[in-house]
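The values are calculated or read from the model by the stated rules, or taken from the named source; none is laboratory data. The structure presented is a predicted model; accordingly, all values stated were derived computationally and were not measured. Please note: Cβ atoms are built from the backbone with ideal geometry, for glycine as well, and neighbour counts cover all protein chains shown. Only protein heavy atoms, including side chains, enter the accessible area calculation; ligands, DNA and RNA are left aside. Shrake-Rupley method; radii C 1.70, N 1.55, O 1.52, S 1.80 Å.
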Amino acid sequence: MNILGIETSCDETAAAVVSDGVRVRSHVVATSLKEHACFGGIIPEIASRRQIESIYLVVSRALREAKMTWGPIGAIAVTTKPGLIGSLLVGVAFARALAYATGKPLVEVDHIQAHWYACFLRKADDKSPLPQLPAVGLVVSGGHTSLFDIKDFNRVKLLGQTRDDAAGESFDKVARLLNLGYPGGPAIDRLAKEGVNQQIRFPRAQLENSYDFSFSGLKTAVLYYTRQHKNFSVPQVAYAFQDSVISVLTAKAIQACQRKKAKSLLVGGGVAANSALRLSLQQAARRHHISLHLPSMDFCLDNATMIAGLGYWFDVAHH
Ligand code: KG4
Ligand code: ZN
């Protein structure tokens with residue numbers, strides 16, 4: 001069964017066709033990210049305007065690249081939550097109209113769940129084995145930091161989430177503090193490689209006996225450090241900050257895997273593109289005999305393949 005996925009929860013307008021929940025037939029993403037850079041964060045009004053302009057072109061192109069007309073499409077899957085309301089509305093309205101016009105069923109997909117599902121997507125030439133369940137899902141993006149206990153695709157439990165800033169949000173805020181521009185994740189990732197040190201050590205909010213996260217204290221600690229040390233090294237601060245985020249994410253994800261007897265750890269979201277986090281998770285997973293799954297970079301960021309893929313496993317809604 002071929003599913004057309006549509007994703008418009010933030011600043012990306014994305015559409016994709018995925019077969020049987022796994023095989024990616026097309027993958028199209030338009031983004032207004034650059035237009036928000038000068039504001040230091042996403043401006044919802046700009047994002048939703050660009051969604052309206054892009055949605056028709058992006059969906060048409062996803063069908064064209066999959067070499068499909070409406071005939072072979074079995075259902076339409078769309079992100080319904082969470083996200084910026086104006087942006088979400090564009091995708092949902094478009095998907096509903098398509099479902100009505102074509103008579104295809106509509107499936108509603110949760111954006112955060114779709115991020116860990118990205119580990120199941122396979123491009124045409126990719127024969128790698130699929131992750132085994134039960135699994136633990138770690139979603140680390142600009143808007144979310146969540147841990148899930150995944151028994152199967154219809155039995156997913158939230159174990160914990162951030163109590164304040166999301167991991168990606170903390171990268172963006174610290175990058176802003178260090179004048180590295182927006183989005184901050186890639187810049188900190190790059191700089192941290194030149195700033196490896198043991199002198200600066202920022203707090204790690206472990207929040208004992210909880211799978212919740214907290215990153216706002218860390219952000220404040222970085223702020224105070226930069227105020228108190230006039231000639232601080234930007235790469236060293238970037239490294240110490242990143243190291244603190246990574247050690248908490250790795251420790252909690254591995255702990256959840258052990259307690260839930262998970263066979264696999266599925267990681268998703270924009271921060272999963274972070275090279276040091278990938279390395280840290282790889283090392284920890286190997287030590288604890290857990291099979292780690294990290295999507296390719298383009299499936300870590302917001303996209304519609306993960307929506308079309310996860311949508312395959314759900315009951316269809318009536319439109
Ligand atoms: O998943 P995503 O595209 O959007 C949301 O759903 O939120 O993630 C965007 C976030 C941004 O906060 C960005 O700074 C972060 O992912 N990010 C990174 C890296 N690449 C993107 N964070 C750390 N290291 C990276 N290499
Ligand atoms: Zn996302």
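Looking for something in a loop (DSSP other than H, G, I, E, B), surrounded by 15 or more Cβ atoms within 10 Å (Cβ to Cβ) and in contact with a Leu (Cβ under 9 Å, 6 or more places away or on another chain) - is there at least one such residue anywhere in the range 76-90?
Residues of the range 76-90 that are in a loop (DSSP other than H, G, I, E, B), as a first pass: 82-84.
Checking the rest, the ones that are also surrounded by 15 or more Cβ atoms within 10 Å (Cβ to Cβ) come to 83-84.
From what's left, in contact with a Leu (Cβ under 9 Å, 6 or more places away or on another chain): none.
Looking through the range 76-90, none of the residues is in a loop (DSSP other than H, G, I, E, B), surrounded by 15 or more Cβ atoms within 10 Å (Cβ to Cβ) and in contact with a Leu (Cβ under 9 Å, 6 or more places away or on another chain).
Could you check the range 148-189 and list, in sequence order, the residues that are among the charged types (D, E, K, R) and assigned to a loop (DSSP other than H, G, I, E, B)?
Within the range 148-189, the first condition is being among the charged types (D, E, K, R), and the residues that meet it are 149, 151-152, 155, 157, 163-165, 169, 172-173, 176, 189.
Once the filter is applied, which keeps residues that are among the charged types (D, E, K, R) and assigned to a loop (DSSP other than H, G, I, E, B), the range 148-189 yields 163, 164, 165.
Is the range 108-120 home to any residue that is in contact (Cβ under 8 Å) with a residue 12 or more places away in the chain, more than 14 Å from ligand 2 (Cβ to nearest atom) and under 20 Å from residue 85 (Cβ atoms)?
For the range 108-120, residues in contact (Cβ under 8 Å) with a residue 12 or more places away in the chain, more than 14 Å from ligand 2 (Cβ to nearest atom) and under 20 Å from residue 85 (Cβ atoms): present.
Looking only at residues that are part of a loop (DSSP other than H, G, I, E, B) and open to solvent by 30 Å² or more (accessible area, probe 1.4 Å) in the range 260-301, which one is modelled with the lowest pLDDT? Walk me through how you get there before you give the answer.
Taking the range 260-301 as the starting set, the residues that turn out to be part of a loop (DSSP other than H, G, I, E, B) are 260-263, 269, 274, 288-290, 294-296, 301.
If we keep only those that are open to solvent by 30 Å² or more (accessible area, probe 1.4 Å) as well, we get 260-261, 263, 288-289, 294, 296, 301.
Details: 260: 97, 261: 97, 263: 97, 288: 97, 289: 96, 294: 96, 296: 89, 301: 92.
So the residue we want is 296.
Would you please name the residue that is surrounded by the fewest Cβ atoms within 10 Å (Cβ to Cβ), looking only at residues in the range 58-75 that are among the hydrophobic types (A, V, I, L, M, F, W, C) and over 14 Å from residue 11 (Cα atoms)?
Of the residues in the range 58-75, the ones among the hydrophobic types (A, V, I, L, M, F, W, C) are 58-59, 62-63, 66, 68, 70, 73, 75.
Those left that are additionally over 14 Å from residue 11 (Cα atoms): 59, 62-63, 66, 68, 70, 73, 75.
Working: 59: 24, 62: 25, 63: 20, 66: 22, 68: 17, 70: 13, 73: 19, 75: 20.
Ranking the candidates gives 70 first.
Could you please find all residues in the range 199-213 being under 15 Å from residue 246 (Cβ atoms) and part of a loop (DSSP other than H, G, I, E, B)?
Filtering the range 199-213 for residues under 15 Å from residue 246 (Cβ atoms) gives 200-206, 213.
Scanning the range 199-213 gives 200, 201, 202, 203, 204, 205, 206.
What are the residue pairs meeting all of these: first residue in the range 139-152, first residue within 16 Å of ligand 1 (Cβ to nearest atom) and of a type in the set (Val, Ile, Thr), second residue in a strand (DSSP E or B) and modelled with pLDDT of 95 or more, Cβ atoms under 6 Å, and 6 or more apart or on different chains?
139/146; 139/268; 145/162; 145/213
If you take the residues of the range 8-30 that are charged (D, E, K, R), buried (at least 22 other Cβ atoms within 10 Å of the Cβ) and part of a strand (DSSP E or B), which of them is farthest from ligand 1 (Cβ to nearest atom)?
Here is the first cut: in the range 8-30, the ones charged (D, E, K, R) are 11-12, 20, 23, 25.
Narrowing the set further to residues that are buried (at least 22 other Cβ atoms within 10 Å of the Cβ) leaves 11-12, 25.
Checking which are part of a strand (DSSP E or B) leaves us with 12, 25.
On the way: 12: 7, 25: 22 Å.
Only one residue fits best here, namely 25.
Mind listing just one residue for me: the one in the range 42-57 that is closer than 15 Å to residue 95 by Cβ and in contact with a helix residue (DSSP H, G or I) (Cβ under 8 Å, 6 or more places away or on another chain) and, of those, surrounded by the most Cβ atoms within 10 Å (Cβ to Cβ)? Outline the logic, then answer.
Restricting attention to the range 42-57, the residues satisfying the condition of being closer than 15 Å to residue 95 by Cβ are 51-52, 54-56.
In the following step, the residues that additionally are in contact with a helix residue (DSSP H, G or I) (Cβ under 8 Å, 6 or more places away or on another chain) were identified as 51-52, 55-56.
Working: 51: 26, 52: 16, 55: 21, 56: 12.
In this case the residue turns out to be 51.
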